[in-house]
Amino acid sequence: MSVKQDQLLGFDEHDELVRPAAEVVEFEETAKRMVSRRGFLTGGAAVGATALVMGSTTLSATKAMAADHPEMSRLAFEMVKANTMDTVTVPEGYKWEVLASWGEPLFSNAPEFNPATGGTGASQELAFGDHNDGMALFSHNGRQILCVNNEYTNLNTLHANRADGVPTTADDIRKSKAAHGISVVEIARRGGKWGIVKDSEFNRRITADTEMDITGPARGHDLMKTKADPKGVVAKGTWNNCGNGQTPWGTYLTCEENFNGYFSSTNKSFPLTPQMKRYGISHDDWGYKWAMADSRFDLSQEPQEPNRFGYIVEIDPLNPNARPKKRTALGRFKHENAEVEVAANGHVVVYLGDDERGEFLYRFVSKNKFVAGGDNSDLLEEGTLYVAKFNDNNTGMWLALTPETTGMTEAEIAIYTREAASKVGATTMDRPEWVASNPNKAEVYCCLTNNKNRGVKPNAGGDETPAVGPNPRVKNNFGQIVRWRPESQDHTAANFNWDLFVLAGNPAVYDDANAGSKNVNKDNMFNSPDGLKFDSKGLLWIQTDGNYSNEKGFAGQGNNQMLVADPETGEIKRFLVGPKECEITGAAWSADRTTMFVSVQHPGEKGDSSWPYGTVPRSSVIAISREDGEMIG
Ligand code: FEO
Ligand code: CA
Ligand code: CA
C-alpha cells in the first residue's frame with residue numbers, strides 16, 4: 001500500500017489493512033456463559049473457587065453501596081460526561097494546562113517550533129519528542145526531572161514540509177529518528193505555571209541514534225552481531241517506546257514496542273525467517289522510510305539488526321552522560337510497560353505485557369536481591385523470565401522459561417522470547433497493555449485492551465486463542481482488566497488466583513456480553529483500556545486508546561478518556577476526556593502530589609484536531625491540579 005494510505009491510519013487500522021480479520025459479530029453462547037457464570041468483581045474477598053460462588057452477589061452489594069451511599073465513595077468528584085469536543089475536559093474543581101508539547105525546545109540555542117514545517121532534523125534533536133506516552137518523575141535535591149517516552153509519529157504532522165507527509169530527504173529521516181525515543185527534562189512550576197526548565201543540565205534527548213549497551217544473556221551472542229557492531233554489544237538507539245517503569249534505585253525503564261515497523265527490505269525476495277514473521281518484520285516498513293537514509297534498517301543488508309530491538313532499556317535520569325542499558329534478560333517482544341515490585345524476599349519482580357493479539361503476559365524475577373542503600377544498578381541484568389498460564393477455574397501459574405523447559409539457550413530465550421513462551425504452553429492474551437501493582441496489597445492488574453482475533457485465528461506463532469479464562473469474549477472489541485493475587489502475597493510465588501476487575505462494554509447498545517460487567521454503566525462506559533497506574537492512595541487510573549467513532553457499538557463513549565477506579569469496591573468514574581482523535585496514556589505525579597501529569601498522544605491522528613494551540617495538532621503532556629491546590633493522588 002502507499003505511504004499516503006498508511007499515514008492516515010491509526011495503528012489498529014493499519015494492522016487491519018495488513019492482516020484483515022473477519023467482520024465483528026455478536027458474541028458466541030460460550031462467551032455469554034463465561035460472562036454470566038463468573039462474577040467480575042469480588043471486592044476484598046478471596047478469588048478462586050470463592051469467586052465462582054459469590055462473585056455476582058458481592059458485586060451487587062458493592063453496586064448498592066456505591067449507588068445508595070455516595071458519601072462512602074472514595075471518588076469524590078462529579079463524573080465528566082463522555083464527549084467529542086476538541087479539548088480536555090476535567091471535573092469541576094480541577095484544571096489543566098499544557099506542560100510540554102512536541103517540538104518545544106529544551107535548550108535556548110534551539111529554534112522555536114515551526115508549525116508550518118514541523119521543524120528540521122537539527123531542531124528536533126534539541127526539542128521535545130513526538131507522541132509522548134509513558135513517563136516517570138524523579139525528585140533530586142528539590143528539583144524534578146521528568147522522563148517521557150516519545151513513542152512514534154504521524155507522518156502527515158511530522159513531515160508537514162513534504163507533500164502528503166512523505167519523508168523525502170535524509171534530513172526528514174534525521175528528524176523522524178530524533179522525534180522518537182525519550183525526552184528527559186527538568187520541569188518546574190514558576191509563577192503558578194508548569195513548564196520545561198530550558199538548558200537544565202538534566203535535559204537530554206535519547207533517540208533512535210543514541211548508543212546504548214546491550215546487557216544480559218543476549219550480549220555478544222551471534223544473533224546480535226552486525227557490520228557496525230561485530231561484537232554484538234552496542235545497539236544504536238531505541239524507538240517506539242511505549243509504556244515505562246521506574247525502579248526503587250532511581251532509574252527509568254523505557255519499553256520498546258512496535259520496533260518492527262521501521263524495517264524494510266530493498267530486495268523484495270529477501271527470505272524472511274519464521275522468527276522475523278513472529279515479530280511482524282516484513283519487506284515493508286510502516287511508512288517511516290528509515291532504510292532510505294540508514295542501511296541498518298534494510299533487512300537485505302543487515303538482517304540481524306532487528307534482533308537488537310524489542311527490549312526494556314534502563315536509563316539513569318540524573319546522569320546525562322550515562323549510556324542507557326538494554327536489559328535483554330527481560331525478554332524481546334512488543335513491550336508495553338514494566339511494572340517493578342520488590343518482593344517480600346527481596347527479589348525484584350518486573351511484570352511485562354506483550355501487546356499483540358494472542359501474545360503473552362510475563363514476569364521477570366531477579367537473581368540477586370534488592371539491598372536498600374546498596375548498589376542495585378545491575379539487578380535487571382540477570383534473572384529468570386516466566387510467562388503466565390491462566391486456568392479456567394480462576395487459578396494460574398508462572399511457567400519458567402529456561403533451557404530445560406524450552407530447549408533453547410538463555411540467549412535464544414532472551415532474543416526469541418515469544419517462541420520460548422509458546423513452547424511451554426502459555427495463555428494467549430487479548431493484547432496485554434499496562435500492568436499496575438496495588439501499593440496496598442499483593443495484587444496486580446493488567447489491561448487486555450481488545451482482540452478482534454480472539455476465537456477467530458491463532459497468534460502469529462500458531463497458538464490457539466480460545467475464548468476462555470481471562471479472555472472470555474470472541475472477537476473482543478471492548479477489552480477488560482484482569483487482576484491476580486500471588487499465592488501467600490509473594491510476588492515470586494509460582495501460583496496465583498485471578499479474576500476480572502472489569503469487562504468494558506456498551507450497556508446502552510448491547511444486552512449481551514458486549515454490555516460489559518456490572519460495574520460498567522451508561523454513564524461511565526469506555527472501550528479499550530490501555531494505560532494503567534496506581535496512585536499513592538491506591539486508586540487505579542485507567543486510560544483508553546480505543547475506538548472514538550462514537551458510533552454503533554461505541555455510541556455514547558466519545559473521545560478517549562481517563563477513568564479512576566476503587567479496586568476495593570469496583571466503582572469506576574470518568575475523570576477526563578481528551579481532545580479529538582487522541583489517546584490518553586502515561587501518568588506521573590509531582591513530588592508534592594498536587595499535580596498529575598498525563599500524556600495526550602496523537603490528537604487529530606486522522607486530521608480532525610487543532611489541539612492544543614489552534615494550529616497543527618501537537619502531542620503534549622498536560623498538568624492537572626485541583627483549583628484548591630490540594631493533593632490529587
Ligand atoms: Fe503503545 Fe500497546 O501501546
Ligand atoms: Ca499503550
Ligand atoms: Ca493501545
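All of the numbers you see were taken from the coordinates with simple rules; none came from a lab. Just so it is clear, the model here is predicted, and its values are computed rather than measured. Note that we place each Cβ from the backbone using ideal geometry, even for glycine, and neighbour counts take in every protein chain shown.
Magnitude of the Cβ-charge dipole of the chain, K/R +1 and D/E -1, about the Cα centre, nearest 20 debye?
Using only the charged Cβ atoms, the result is roughly 340 debye.
Kindly state, to the nearest 0.05, the FRET efficiency for residue 277 paired with residue 321, given R0 = 51 Å and r defined as their beta-carbon distance.
For residue 277 and residue 321, the calculated efficiency is 0.85.
For the range 132-164 and the range 220-288, what is the separation of their C-alpha centers, rounded to whole Å?
Centre-to-centre distance over Cα atoms comes out at 20 Å.
Restricting to DSSP loop positions (anything but H, G, I, E, B) with no more than 13 other Cβ atoms inside 10 Å of their own Cβ, which GluC sites (Glu not before Pro) remain in the range 151-210?
201
Using only DSSP helix segments of four residues or longer, with each worth -39500 (n - 2.57), what per-residue ellipticity at 222 nm results for the chain after dividing by its residue count and rounding to 500?
-3500 deg cm²/dmol
Label 7 Å along Cα→Cβ of residue 510; the range 461-497 residues with amide nitrogen under 15 Å?
Of the residues in the range 461-497, 467-468, 471-481 have backbone N under 15 Å from the label point off residue 510.
What percent do you get for the relative contact order of the chain when only Cα pairs under 8 Å and 6+ apart count?
Normalised by residue count, the contact order of the chain is 15 percent.
Considering the Cα trace of the range 587-630, what is its radius of gyration and what is Dmax, both in angstroms?
Rg and Dmax of the range 587-630, Cα atoms, are 13.1, 37 Å.
Round to the nearest 0.05 the FRET efficiency obtained for residue 284 and residue 397 when R0 = 45 Å and r is the Cβ-Cβ distance.
Once rounded, the FRET efficiency stands at 0.70.
Could you tell me which of 548, 470, 90 has its Cα farthest along the dipole of the chain towards the positive end, charges placed at Cβ (Lys, Arg +1; Asp, Glu -1), taken about the Cα centre?
Sorting the options by dipole projection puts first 470.
Placing unit charges on C-beta atoms (Lys and Arg positive, Asp and Glu negative, everything else neutral), compute the dipole magnitude of the range 516-630 about its Cα centre in debye, rounded to 20.
180 debye
Can you tell me how much longer the chain between residue 85 and residue 72 gets when fully stretched, taken as 0.36 nm per residue apart minus their C-alpha distance, in nm with one decimal?
Net length gain for the segment: 1.5 nm.
For the range 506-633, what value does the Rg/Rh ratio take when both radii are computed over Cα atoms and Rh is the Kirkwood radius, given to two decimals?
A ratio of 0.99.
Quick one: which residues, 5+ away or cross-chain, put their amide H under 5 Å from the amide H of residue 386? H built at 1.01 Å from N.
Under 5 Å from the amide H of residue 386 lie the amide H atoms of 363, 364, 365, 401, each far enough along the sequence or on another chain.
Would you compute, for the Cα atoms of the range 381-449, the largest minus smallest coordinate along each principal axis and list the three values in descending order, in whole Å?
Principal extents (largest minus smallest coordinate, Cα): 37, 30, 21 Å.
Report the residues of the range 94-122 in range of a label on residue 199: point 7 Å along Cα→C-beta, backbone N strictly under 12 Å from it.
107-110
Within the range 92-124, which residues have the backbone N less than 17 Å from the label spot 7 Å out from residue 163 along Cα→beta-carbon, could you tell me?
Inside the label zone: nothing.
Computed over the Cα atoms of the chain, what is the ratio Rg over Rh, Rh following Kirkwood?
That ratio equals 0.94.
Amide H to amide H under 5 Å from residue 127: which residues, 5+ apart in sequence or cross-chain, H placed 1.01 Å off N in plane?
HN-HN under 5 Å from residue 127: 106.
Run the dipole for the range 412-476 about the Cα centre, Lys and Arg Cβ at +1, Asp and Glu Cβ at -1, nothing else charged, and hand back the magnitude in debye, nearest 20.
300 debye
Suppose R0 equals 22 Å; then what is the FRET efficiency for residue 116 and residue 613 from their Cβ-Cβ distance, rounded to the nearest 0.05?
In this case the efficiency is close to 0.95.
When the chain is fully extended, how far beyond the present Cα-Cα distance does residue 440 get from residue 489, taking 0.36 nm per residue of separation?
Result: 16.5 nm gained on full extension.
Stretch residue 628-residue 300 to full length: gain in nm at 0.36 nm per residue minus the Cα-Cα span?
Gain on stretching residue 628 to residue 300: 112.1 nm.
Order the peptides 209-220, 299-310, 560-571 from the highest to the lowest mean number of other Cβ atoms within 10 Å of their residues.
Per-residue mean Cβ counts within 10 Å order the peptides as 560-571, 299-310, 209-220.
Percent relative contact order of the range 404-514, based on C-alpha pairs within less than 8 angstrom and at least six residues apart?
Relative contact order here is 20 percent.
Karplus couplings for the range 104-117 from phi (6.51 cos²θ - 1.76 cosθ + 1.60, θ = phi - 60°), rounded to Hz, Gly and Pro as x?
6, x, 9, 9, 6, 8, 9, x, 5, 4, 10, x, 6, 10
Based on C-alpha coordinates, I'd like the Rg and Dmax of the range 244-373, in Å.
17.0, 55
Mean Kyte-Doolittle of at least 0.5 plus a Cα span of 20 Å or more along the axis: flag which DSSP H helices in the chain meet both, please.
Within the chain the helices that satisfy the rule are 49-68.
Does the range 162-309 come out rounded, prolate or oblate by the C-alpha gyration tensor, with a ≥ b ≥ c the root eigenvalues, rounded set by a/c under 1.5 and, if not, prolate when a/b is larger than b/c and oblate if not?
Oblate, because a/c is 1.5 or more while a/b does not exceed b/c.
In percent, what relative contact order does the range 316-396 have, based on Cα pairs under 8 Å that are 6 or more apart in sequence?
Rounded, it is 24 percent for the range 316-396.
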